[in-house]
Amino acid sequence: MTGAPLAVPVLGLHHFAWRCRDSEETRQFYEDLLGLPLVHVIKSDHVPSTGEYCPYVHIFFQMRDGSYIAFFDLGDDVKAEPSPNTPPWVNHIALRVESVAALRAAKARLDAAGVEVLGVTDHHIIESIYFFDPNGIRVELTTPTVPQSEMDAHALRARADLDEWTARKAARMAGQGAHV
């Protein structure tokens, strides 16, 4: 059989990494406030993939499913800048909690710690709260509120819904008047 190789089966998220301004400040937020344990620290003066000289510490916080959120502190007290062409609500990481009660408890804990929290927001399939970490990264805590059968029904329509959006966008971009 010839042709393109089969897609590699992706098993799940290992980690997602961002730059942080201060690793201890970030540890306090993710470990002490959100309860994600710090489980691994890599310290190096050279980037393994490129060999580039850039002293850093790479810190990993573990979630209950075994995946991680990670950060690079480059030792210069500079945080990553947001993209100037993207609204601040677009780029974020959504972390799942076990229930609406857990979501409301997290909101109360964050409020008590002086973190500005938006929500609880009802998205009809999930409920969420939103806040920024000390690095300016938008974090969403979310929990499903519908049965899996409803999500399965959405999955059956997902490609058709995207195709409809793509056609509307193309019409709008061509100046044919469709409002998105």
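The values are calculated or read from the model by the stated rules, or taken from the named source; none is laboratory data. Since the model is a prediction, treat every value here as computed from it, not as a measurement. Here Cβ is always computed from backbone atoms with ideal geometry, including for glycine, and neighbour counts include all displayed protein chains. SASA here: full protein model, heavy atoms, side chains in, ligands and nucleic acids out. Shrake-Rupley method; radii C 1.70, N 1.55, O 1.52, S 1.80 Å.
Brief remarks on what is shown
- Flag if PHE29 is under 29 Å from ALA102 (Cβ atoms), in contact with a helix residue (DSSP H, G or I) (Cβ under 6 Å, 6 or more places away or on another chain), surrounded by 12 or more Cβ atoms within 10 Å (Cβ to Cβ) and modelled with pLDDT of 95 or more: no
- Of all residues in region 64-81 being in contact with a strand residue (DSSP E or B) (Cβ under 7 Å, 6 or more places away or on another chain) and open to solvent by 30 Å² or more (accessible area, probe 1.4 Å), the one that is nearest to LEU33 (Cα to Cα): TYR68
The rows are residues; the columns are (1) over 27 Å from ASP32 (Cβ atoms); (2) modelled with pLDDT of 95 or more; (3) in contact with a Leu (Cβ under 6 Å, 6 or more places away or on another chain).
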site: LYS107; (1), (2), (3): no, yes, no
site: VAL115; (1), (2), (3): no, yes, no
site: LEU118; (1), (2), (3): no, yes, no
site: THR121; (1), (2), (3): no, yes, no
site: ILE125; (1), (2), (3): yes, yes, no
site: TYR130; (1), (2), (3): no, yes, yes
site: ASP133; (1), (2), (3): no, yes, no
site: GLY136; (1), (2), (3): no, no, no
site: ARG157; (1), (2), (3): yes, yes, no
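- Condition check for ILE129: under 15 Å from the mean Cα position of the chain (by Cα) and farther than 25 Å from ALA101 by Cβ: no
- As a summary of the residue check, ARG21 satisfies the conditions (1) touching a Lys or Arg at 6+ places or on another chain (Cβ under 8 Å); (2) surrounded by fewer than 16 Cβ atoms within 10 Å (Cβ to Cβ); (3) of a type in the set (Lys, Arg) except for the one numbered (2).
- Members of region 92-131 found to be within 20 Å of PHE16 (Cβ to Cβ) and either of a type in the set (Ser, Thr, Tyr) or loosely packed, with under 12 Cβ neighbours inside 10 Å (or both), listed by number: SER128, TYR130
- When region 143-158 is filtered for residues that are surrounded by 11 or more Cβ atoms within 10 Å (Cβ to Cβ) and among the hydroxyl-bearing types (Ser, Thr, Tyr), the ones remaining, listed by number, are THR143, THR145.
- ASP161 vs. criteria of a type outside the set (A, V, I, L, M, F, W, C), open to solvent by 80 Å² or more (accessible area, probe 1.4 Å) and on the phi > 0 side of the Ramachandran plot: no
- Any chance GLY119 is farther than 16 Å from GLU140 by Cβ and of a type outside the set (A, V, I, L, M): no
- Subset of region 130-160 [closer than 17 Å to ASN91 by Cβ, touching a helix residue (DSSP H, G or I) at 6+ places or on another chain (Cβ under 8 Å) and assigned to a strand (DSSP E or B)]: PHE131, LEU141, THR142
- Exclusive hit being aromatic (Phe, Trp, Tyr) and more than 30 Å from TRP18 (Cα to Cα), set TRP89, TRP165: TRP165
- GLU140 meets the conditions (1) within 15 Å of THR26 (Cα to Cα); (2) acidic (Asp, Glu); (3) touching a residue at least 40 places away in the same chain (Cβ under 8 Å) in every case but one. The failed one is (1).
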